[in-house]
Amino acid sequence: MYIGGNIYYPLEFRSSFIKEHPLYARDLEKIIERSGFKAKFCGLYVQRLRFLEEHRESCIKRRNWFELLRYAGGEIFAIKFKAEKNIRILFCFVEYLKVKYAILLYPFEEKESKKKKGKYCYDDAIIVAFKRRKEVLPDD
């Protein structure tokens with residue numbers, strides 16, 4: 001089981017509840033550094049992380065910021081950033097030794113295409129998120 005570390009990119013955010021997968025920061029950096037959206041993103045990012053920390057599983061009540069991906073079996077959630085870039089951060093909730101955590105798994109830029117609309121834009125990202133979720137869950 002690897003619960004993950006504190007969040008350091010694009011800014012330090014220490015939390016006993018929110019952790020990240022070891023490859024998460026690298027993936028987020030690739031998206032943000034080339035976006036021209038870093039300064040604005042940082043403010044939105046902290047805002048959403050604080051909300052997640054305060055509201056935990058009930059964060060999805062704020063539908064314009066969070067969503068439960070029902071077509072992912074209800075195990076994966078998304079943090080939504082709608083601005084110049086439609087960035088999504090897939091995450092999950094886990095419990096380890098009776099302590100609950102939110103694990104940031106995989107960030108990606110949602111791009112609409114003529115072939116893939118709506119939930120189908122998430123298909124590849126959900127596959128990565130499930131793989132990473134399995135990596136942080138304890139062996140049964």
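The values are calculated or read from the model by the stated rules, or taken from the named source; none is laboratory data. This is a predicted model, so every value here is computed, not measured. All Cβ positions, even for glycine, are placed from backbone atoms using ideal geometry, and neighbour counts span all protein chains on display. Keep in mind that these areas ignore ligands, DNA and RNA; they rest on the heavy atoms of the full protein, side chains included. Shrake-Rupley method; radii C 1.70, N 1.55, O 1.52, S 1.80 Å.
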Original post:
Just to be sure, is residue 121 surrounded by 12 or more Cβ atoms within 10 Å (Cβ to Cβ) and more than 13 Å from the chain's Cα centre (by Cα)?
Top reply: yes
Subject >> From 95, 84, 75, residue being open to solvent by 50 Å² or more (accessible area, probe 1.4 Å) and either hydrophobic (A, V, I, L, M, F, W, C) or assigned to a strand (DSSP E or B) (or both) >> reply: 95
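State yes or no: is residue 44 open to solvent by less than 20 Å² (accessible area, probe 1.4 Å) and either more than 22 Å from residue 131 (Cβ to Cβ) or part of a helix (DSSP H, G or I) (or both)?
Numbers: open to solvent by less than 20 Å² (accessible area, probe 1.4 Å): no; either more than 22 Å from residue 131 (Cβ to Cβ) or part of a helix (DSSP H, G or I) (or both): yes.
Here the answer is no, as residue 44 does not meet what is asked.
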**OP:** May I ask you to list pairs of residues, at least six apart or on different chains, whose Cβ atoms are under 6 Å apart, with the first in the range 59-85 being within 15 Å of residue 45 (Cα to Cα) and the second being among the hydroxyl-bearing types (Ser, Thr, Tyr) and open to solvent by less than 60 Å² (accessible area, probe 1.4 Å)?
**Re:** 85/35
**OP:** Could you grab me the full set of residues in the range 12-31 that are open to solvent by less than 10 Å² (accessible area, probe 1.4 Å), part of a helix (DSSP H, G or I) and either free of Cβ contacts under 8 Å to residues at least 24 places away in the same chain or among the aromatic types (Phe, Trp, Tyr) (or both)?
**Re:** 24
Original post:
Which of the residues belonging to the range 32-41 are without any contact (Cβ under 8 Å) to a residue 40 or more places away in the chain and loosely packed, with under 14 Cβ neighbours inside 10 Å?
Top reply: 33, 34, 39
